[in-house]
Structure formats: C-alpha cells, structure tokens
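As structure tokens, the structure follows; a few thoughts come after it.
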Amino acid sequence: MFENYILNTSTRPLTIFYTFSLGLVACLSISGQVMVQGMLSQQQKNLEVVSLIEERQTLCQEVIKFVVLLKLEPETRKNPQQLQKLQQLIVDWKDSGEKLAIATQKTPGFSQAQKVALQDKLAKMKPSVVEFREAAAKMVNESATFSGRRARLPGKSPITQLLAEEKILMQGLEDVSNWYTQETIAGVNRLKQVEYGLLGITLLVLLLEGILVFRPAVKKIEDTLGKLALEQAQSENLLLNILPQPIAQRLKLSQHTKKTKTNNIMIADGYNDATVMFADIVGFTNLSSRIPPHSLVNLLNQIFSRFDLIAESYKLEKIKTIGDAYMVVGGLPNPRKDHAAAIANMAIDMLDAIAQFNLDAGEEFQIRIGINSGAVVAGVIGIKKFTYDLWGDTVNIASRMESHGIPGRIHVTEATYKLLQNHFLFEERGLTSIKGKGEMQTYWLKGKKT
C-alpha cells in the first residue's frame with residue numbers, strides 16, 4: 001500500500017503535465033482549424049471576386065461586339081431581337097458592376113491597407129465604367145455625341161471613344177483581378193505557414209511529452225516490472241524452499257489438483273521405489289531444559305543446516321523436521337534408481353557431520369538413524385500452510401528403525417539391505433521386535449565397500 005502511495009505521488013506531476021499537454025494540443029488543433037477555415041473562406045471570396053471580374057470583362061467584350069456590329073451593319077438596328085439582346089447586355093453589365101461592388105466590400109480578412117488599395121483601384125475605374133455604359137447606350141440610340149462626365153476625345157469618332165473607354169476599363173478590371181490573384185496567392189502562402197507552424201508546435205509538444213512524460217513513465221514501468229520480477233523470484237525461491245519444484249509448479253498451474261467443496265487442495269502421487277530416512281538427535285530433549293531457548297534453537301539450526309547441505313549434494317528431498325528429528329527421502333518427486341544408495345551415503349556423511357560439529361562446538365551430540373525402502377504416497381493436502389509429506393507403511397517402518405536403533409549407528413531394514421548389499425558393508429543385527437510390526441530382520445549399515 002505504501003509503495004502504491006509513493007508511485008502515485010511520484011507520477012502525479014507527470015500526469016498533470018500530460019493532461020495539460022493534451023489540452024494544449026487540442027486547443028492548437030481547434031484554433032488551427034478555425035484559422036484555416038477563416039482563411040479558406042477569405043480565399044473563396046477572393047476567387048468569387050475574380051470570377052465576377054472575368055464575367056464583367058466578358059460582358060464588356062460582348063457589348064463592344066454588338067456596338068461595332070450596329071455601326072458596321074446599320075440594318076441590324078432594325079432587328080428588334082438584336083437590339084433587345086444588346087439592351088440586356090447593358091443591363092447585365094450594370095448588374096455585374098453592382099455584384100462586384102458588393103463582393104469587394106465583403107472583405108473581413110483584409111487589413112486596412114489592403115482595403116485602401118482596393119478602393120483606390122476601384123475609384124480609378126469608376127469614370128470609365130460610367131462613360132462606357134453611357135457611350136454604349138448612346139450608340140444604341142444612334143447618337144454621335146457624348147453627354148457623359150468626360151468630353152469626347154478631339155478627332156475621335158464615337159466608336160473610337162467607346163473602344164478607348166473599353167480599353168481603360170478592361171485595364172482597370174485586369175489590375176483588380178491581378179491584385180485579387182496576388183492576394184489569394186499570398187493568402188495561400190500564409191495558410192501554409194500557419195499549417196506548418198501548428199504542425200511544428202504540435203510536434204514540439206509531442207516531443208516534450210516523449211521526453212518529460214513517456215520516457216520517465218517507461219522507466220517507472222521498467223522499475224516496477226523489475227521489482228515485481230524480483231519479488232516473484234523471491235516468492236518462487238521461498239516456495240521452492242517449502243515444496244519440491246515439480247510440486248510447486250503443479251500447485252501454481254493447478255495441474256493434476258483436486259479442489260473439494262471446502263477448497264481443499266490435494267496433490268497425491270504413488271511411488272513404488274523410494275527410500276525414507278529418519279534421524280534423531282539423542283538427548284536433545286533433556287538439553288532443552290538446561291539451556292536458553294535461543295541457544296537451543298541456534299544449535300539445532302547449525303546441525304540441521306549441515307544436514308541440508310548434505311541432502312542438497314546428493315539431490316535428495318528434505319521432507320521436514322519434527323522437533324529434533326530430521327526426515328529425508330530419495331526417489332521422489334523425480335524417480336531415480338540409486339535412491340537407496342544416495343540415502344545411505346547421506347546417512348554416513350551425517351555421522352561424520354555431527355562428529356565434526358562436536359569438535360567445532362565442543363559438544364557431545366549423537367544421532368540415531370533409521371532407513372527403510374519401499375512404496376510411499378507423497379503429496380500436498382489441506383487449505384493453508386502447505387507442506388510436502390509422505391504416507392505409508394514404508395514411512396512408519398523407517399521411523400521405527402530410528403526409534404529402535406542406538407546412538408551413532410545406522411539401522412536399516414532388510415528391504416534396504418537387499419538394495420545396498422553389493423556396494424555397502426553391513427552387520428546383521430538379527431531379529432528385532434518392532435512395535436506394531438513384530439519381529440523383523442534388520443541390519444547395521446557400517447560404510448561403503450572399498
């Protein structure tokens with residue numbers, strides 16, 4: 001719980017920064033979209049103005065064509081349809097001018113300088129617009145004089161005057177169209193700059209997130225996973241100190257297990273060939289009443305630790321300690337043919353180990369050892385504090401061999417003797433009365449054959 005509090009406290013600044021950065025990216029994205037849409041809308045309006053200018057130029061050219069046709073072919077004036085068409089062109093020309101004026105006024109995206117420049121260009125075109133319209137109308141009415149705001153150019157015919165006004169007007173329209181085109185191109189370039197700027201800011205924020213958030217977060221995750229792996233390894237080692245590896249694995253994976261209604265767990269395996277050994281420290285119970293508990297346990301720990309090392313060297317399975325008794329088995333959970341020989345070797349080394357301990361500690365301890373071979377049942381039962389234990393007649397007789405033995409000697413059954421007689425030295429004890437079993441032929445294991 002404390003580790004979770006520390007982890008949450010250390011990651012809170014990173015979480016705040018990450019949330020803030022996400023909000024900043026969202027704001028940039030929304031603002032960018034608003035700006036881009038506004039600029040696109042402005043470019044759309046610019047394109048509409050350019051389209052109206054092109055339409056006005058086309059109408060201007062159509063009017064000139066009809067006026068010239070009337071001048072060159074007088075009989076055309078008698079055609080009502082042609083005159084009506086020309087009048088409609090003049091009306092369309094006037095309407096296009098009004099549309100253009102309205103479109104040029106709707107320039108919310110223009111700066112004040114741009115608006116002034118646009119109005120200046122339109123003002124220069126205004127006299128030509130008026131004169132061109134009046135000149136066209138008068139020529140339609142076959143009038144040879146101009147009553148417009150500007151006098152007819154000296155020595156110029158009406159058609160020449162009309163063409164001159166048309167030239168000025170077309171040039172003005174072209175200037176306005178070019179101006180709008182340039183502004184549109186400039187707007188597109190600004191739009192690109194805005195997009196690149198927003199992209200750069202977004203990438204910078206993401207880079208900062210990677211450096212300030214994700215990198216430390218990954219490091220913390222790695223550290224946490226490392227701690228979890230270490231704790232798991234410690235738990236695994238602790239479990240392996242309690243249960244044999246195959247049994248621990250089966251218990252973890254719930255393989256070959258049976259759960260009852262009370263959630264009991266049972267793992268049980270039968271082994272036909274196994275050897276069980278019990279060892280008991282002689283006089284240790286009396287010693288416990290004469291020395292302090294801590295000293296007593298310390299002595300017992302030193303002795304049993306030496307026994308554990310011997311069991312590990314022969315790859316035997318320590319089952320448990322019961323008070324000052326030590327229980328070990330060979331041939332399970334992994335079956336092996338030399339189970340009896342391995343137990344015999346360990347028993348001999350245990351006698352040497354207790355003798356060496358007496359020399360080191362200045363004590364006079366002795367142990368009784370009993371060994372039996374046969375079939376056993378091994379497994380785990382219960383609902384908590386699991387232990388790997390053995391059951392069966394073979395186990396009981398091995399315990400009787402120890403209790404009916406004598407200090408400093410290894411007492412074995414005939415079953416174990418038959419397995420070891422070719423490689424170890426024995427002394428026949430004869431028939432021995434064993435509690436619960438009657439008389440049994442037993443032997444003393446003396447050592448290895450040279």
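The values are calculated or read from the model by the stated rules, or taken from the named source; none is laboratory data. The shown structure was predicted, so the numbers you read here are calculated from the model rather than taken from an experiment. Don't worry about glycine lacking a Cβ; one is built from the backbone with ideal geometry, like all the others, and counts go over all protein chains shown. Please note that ligands, DNA and RNA were not included when accessible areas were found on the heavy atoms of the full protein model with its side chains. Shrake-Rupley method; radii C 1.70, N 1.55, O 1.52, S 1.80 Å.
Structure data summary
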quantity: Over 30 Å between alpha carbons, listed pairs 219/315; 320/446; 318/435; calculated: 219/315
quantity: Whole-Å semi-axes of segment 295-450's equivalent ellipsoid (Cα gyration tensor); calculated: 23, 21, 16
quantity: 15 Å beta-carbon shell around residue 448, net charge (K/R +1, D/E -1); calculated: -2
quantity: Amide proton proximity set for residue 274, modelled H, under 5 Å, gap of 5+; calculated: 374
quantity: Square roots of 5 times each gyration tensor eigenvalue, C-alpha, segment 292-364, largest first, Å; calculated: 25, 14, 8
quantity: With DNA, RNA and ligands ignored, accessible area of residue 250 (1.4 Å probe; Å², nearest 10); calculated: 40 Å²
quantity: Residues with amide H under 5 Å from that of residue 366, placed H, sequence gap 5 or more; calculated: 282
quantity: Cα→Cβ-extended label distance, 7 Å offset, between residue 361 and residue 406, nm; calculated: 2.5 nm
quantity: Theoretical FRET efficiency, 1/(1+(r/R0)^6), r = Cβ-Cβ of residue 31 and residue 186, R0 25 Å, to 0.05; calculated: 0.75
quantity: Calculated SAXS-style log₁₀ I(q)/I(0) at q = 0.23 Å⁻¹ - segment 388-450, Debye, Cα scatterers; calculated: -0.98
quantity: All-pairs alpha carbon distance profile, segment 371-421, 10 Å steps from 0, percent; calculated: 24, 41, 26, 10, 0
quantity: Note, ³J(HN,Hα) from phi for segment 319-331, Karplus 6.51, -1.76, 1.60, rounded to Hz, x at Gly and Pro; calculated: 8, 5, 10, 10, x, 9, 9, 10, 10, 9, 9, x, x
